[in-house]
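Here the structure comes first, spelled out in structure tokens, and everything after it is commentary.
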Amino acid sequence: MNILGINAYHGNASAAIVCDGRLVAAVEEERFNRVKYAAGFPAHAIRYCLKAAGLTLAEIDHVAVPRNPYARLATKILYALRMPSFARERAKVLVKFQGIPEALAHAFNADPKKIRVKCHRVEHHQAHLASSFYCSPFERAALLSADGLGDFASTMWGTGTGSRITIDGAVAFPHSLGLFYSAITQYLGFLKFGDEYKVMGLAAYGHPDQLEAFREIVHFENGSGRNGFKLGLGCFLHHRTGPEMSWAEADKTPTLGKLFSEGLERRLGPARAADQTLEQRHRNLAASLQARLEEVYLGMLRKLAESTKLKAVCLAGGVAFNCVANGKIFDATPFEQVYVQPAAGDGGLSVGAAFYVWNQILGEPRSFMMDHAYWGPEYSSEEIRRAVDSSGLSQKGCAIAELKEPDLMKSAAAIIADGKILGWFHGRAEWGPRALGNRSIVADPRRPEMKEILNQRIKHREIFRPFAPSILAEATADYFEKSHPSPFMTLAYAVRPEKRAQIPAPTHVDGTGRLQTVTREANPRYHALISAFRDLTGVPVVLNTSFNDNEPIVCHPEEAIDCFQRTQMDALVLGDFLITRPAEL
Ligand SMILES: [Fe+2]
């Protein structure tokens with residue numbers, strides 16, 4: 001039984017394929033068309049998934065799409081009457097959704113009449129919940145999905161038991177934690193789609209002196225037996241105009257219309273323009289926003305723990321990328337185990353919709369757990385060799401050596417320990433927005449200046465944004481105050497005070513690190529690299545940042561070589577090749 005999940009005409013368009021209950025491949029469209037957060041129809045991603053599974057379109061039995069036009073129909077009609085322009089935009093997208101079988105036929109040059117797949121429409125948040133629970137190791141778990149908006153809901157919670165998900169509650173449009181965070185992100189002058197994580201990083205530099213004001217902006221609804229929240233709508237625009245999202249185009253990064261109102265500026269003062277200097281007031285506002293998000297998010301989780309009496313929780317939706325809030329779950333709620341799959345945001349909907357069909361609709365038992373993130377394209381040694389041969393790097397004076405382990409690991413670890421910046425490319429591309437040791441840039445965590453060097457030479461991003469540590473899983477408790485696994489960088493923990501001076505580069509200003517715990521089972525080669533670095537330096541940690549420069553993470557070896565050439569990376573490991581740049585280049 002083959003199920004194709006497709007997140008189309010929505011941010012982070014993606015595809016995933018589940019064969020007999022096991023995930024075979026999953027990837028976002030942006031990795032192929034090189035458009036960050038690309039929406040539209042993910043034809044490249046679908047083509048890759050079919051190829052990875054060795055299937056043709058004719059061999060797909062079910063297609064699962066994470067959108068159900070009939071969910072919350074009464075609310076949708078109500079808002080359609082109030083906001084005709086918003087309704088027209090949504091209607092256009094829905095027409096595209098109805099045409100997914102035709103879009104598939106078109107992308108594969110097939111006769112639409114021969115596309116016989118059964119198409120299932122899975123409600124957005126149920127697909128989010130499924131993406132987490134059905135990939136988790138838990139037989140029973142509480143479930144929470146929180147994001148901006150999907151099928152007119154922003155939040156949903158419930159319980160997963162075996163192959164069944166039960167929904168216990170939801171928060172409907174216009175109340176949304178995701179849109180709250182996005183609105184304040186815009187107010188603080190960060191206007192690009194997906195900029196929320198910058199504000200999360202900025203928050204560590206401020207004091208939450210506006211927390212009371214934010215408590216007026218988001219009201220936590222935690223009366224007897226209730227869960228949820230409400231926005232003070234006077235501060236927002238989306239309930240009046242509809243959140244203007246551009247979802248349809250595959251060749252453009254989505255944009256989001258203005259979400260905050262003059263009412264917010266009356267309450268908090270004037271908004272920051274994108275080119276205005278960041279002042280302490282802005283840092284304090286970011287800290288207050290983060291503090292209020294944590295109060296409501298952790299409060300909802302406490303209520304969920306209380307009502308379900310469960311100790312494990314699965315999280316999904318864009319808010320589940322808030323690793324700072326996630327790291328506080330263990331102390332602030334009764335939950336003892338947390339699972340967040342690497343594509344917790346809308347990219348993950350394709351996986352969620354596909355498993356929803358397999359487990360919830362078809363009633364099949366579970367036989368899969370996502371314990372690593374490597375579900376994307378990989379390239380053979382021959383393809384890598386061809387990319388190296390045609391790169392011209394050798395003519396430019398780069399030294400190119402083909403090495404076997406452990407020599408490759410020893411050489412790579414020595415390069416890092418020497419303060420050099422290393423591109424690190426092997427195996428299958430990561431699923432989700434984090435580089436987790438297959439498409440990474442790796443550097444020495446012991447050097448405080450490394451953050452600035454990386455920013456100047458490679459990443460060109462805001463100085464307040466932290467870099468992340470990858471640590472040997474077995475050493476987590478030695479360096480961090482929590483040791484629950486964080487294989488997908490979705491949790492931030494405090495670095496032990498006595499270790500902060502040892503790994504200053506990936507330790508944030510508030511003493512935390514958004515860590516990746518690396519096991520030999522999940523990624524033997526990356527584990528071997530960090531082990532070699534530990535053998536050399538005594539430190540079982542490397543700094544890990546994504547292999548890119550203001551673009552989607554590199555996917556193909558040629559893109560890695562191109563990024564290596566464009567930036568001032570010192571060395572590149574590409575499969576078994578070690579390429580080192582001459583000092584003068
Ligand atoms: Fe979502």
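Since every read-out is calculated from the coordinates, none of them should be taken as a lab result. Not measured: the values here are computed from a predicted model. Because the Cβ atoms are built from the backbone with ideal geometry, glycine has one as well, and the counts that use them run over all protein chains shown.
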FRET efficiency for Ile167 and Gln395, Cβ-Cβ distance as r, R0 = 56 Å, nearest 0.05?
0.40
Where labels lie 7 Å past Cα in the beta-carbon direction, separation of Lys114 and Ser367 in nm
3.0
For Ser390, Ser136, what ranking results if the residue with the fewest other Cβ atoms within 10 Å of its Cβ goes first?
Ser390, Ser136
List the aspartates and glutamates whose Cα lies under 14 Å from the Cα of Lys404, skipping any in the same chain that are fewer than 8 positions away.
Asp576
If I model a spin label at Ala501 and Ala332 as a point 7 Å from the Cα along the Cα→Cβ vector, what separation in nanometres do I get?
3.2
I need to check one value: relative contact order of the chain, counting alpha carbon pairs closer than 8 Å and at least 6 residues apart, in percent.
17
For region 470-547 versus region 181-202, the gap between their alpha-carbon centres in whole angstrom:
27
Residue order, fewest to most beta carbons within 10 Å, for Ile361, Ile415, Ile3
Ile361, Ile415, Ile3
Other residues with Cβ under 12 Å from the Cβ of Glu265 give, with Lys and Arg +1 and Asp and Glu -1, a net charge of +3
What value does region 227-366 have for Rg/Rh, both radii from Cα atoms and Rh as Kirkwood defines it?
1.02
For region 371-387, Karplus couplings with θ = phi - 60° (6.51, -1.76, 1.60), whole Hz, Gly/Pro x:
10, 8, 10, 9, 10, x, x, 10, 10, 6, 4, 5, 5, 5, 4, 4, 5
Of every Cα-Cα pair in the chain, the percent that sits beyond 46 Å
11
Spacing of the two label points (7 Å from each Cα toward its C-beta) at Ser380 and Glu249, in nm
3.8
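Which pairs break 22 Å Cα to Cα here: Lys311/Lys482; Lys311/Lys499; Lys420/Lys451; Lys76/Lys230; Lys198/Lys328?
Checking Cα-Cα distances, Lys311/Lys499 exceed 22 Å.
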Sort region 418-549 into rounded, prolate or oblate with this rule: let a ≥ b ≥ c be the square roots of the eigenvalues of the Cα gyration tensor; rounded if a/c is under 1.5, and if a/c is not under 1.5, prolate when a/b is larger than b/c, oblate otherwise.
rounded
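Pull out the extension gain between Ala274 and Asp209, defined as 0.36 nm times the separation in residues minus the alpha carbon to alpha carbon distance; nm, one decimal.
Value of the extension gain: 21.2 nm.
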About its Cα centre, what dipole magnitude does region 463-576 give when the only charges are +1 on Lys and Arg Cβ and -1 on Asp and Glu Cβ, stated in debye to the nearest 20?
440
With both partners inside the chain, how many of the DSSP beta bridges are antiparallel, as a percent to the nearest 5?
70
Cβ under 12 Å from Phe229's Cβ, Phe229 left aside: what net charge do those residues give with Lys, Arg +1 and Asp, Glu -1?
+3
To the nearest 0.05, the calculated FRET efficiency linking His460 and Arg34 through their beta-carbon distance, R0 being 25 Å, is 0.90
Using the Cα centre as the reference, give the magnitude of the dipole from point charges on the C-beta atoms of the chain (Lys, Arg: +1; Asp, Glu: -1; all else neutral), rounded to the nearest 20 debye.
1140
Mind putting a number on the dipole of region 440-518 about its Cα centre? Charges go on the C-beta only, +1 for Lys and Arg and -1 for Asp and Glu, and I need it in Debye to the nearest 20.
220
Counting other beta carbons within 10 Å of each Cβ, put Glu294, Glu474 in order, fewest first.
Glu474, Glu294
Which of Gly178, Phe229, Ile471 sits closest to the plus end of the dipole of the chain, meaning its Cα is farthest towards the positive end, when Lys and Arg get +1 and Asp and Glu get -1 on the C-beta?
Phe229
Which of the trypsin sites (Lys or Arg not before Pro) found in region 175-280 are loop residues per DSSP with 10 or fewer other Cβ atoms within 10 Å of their Cβ?
Arg226
By the scheme Lys and Arg +1, Asp and Glu -1, what is the net charge of all other residues having a beta-carbon under 13 Å from that of Arg47?
+1
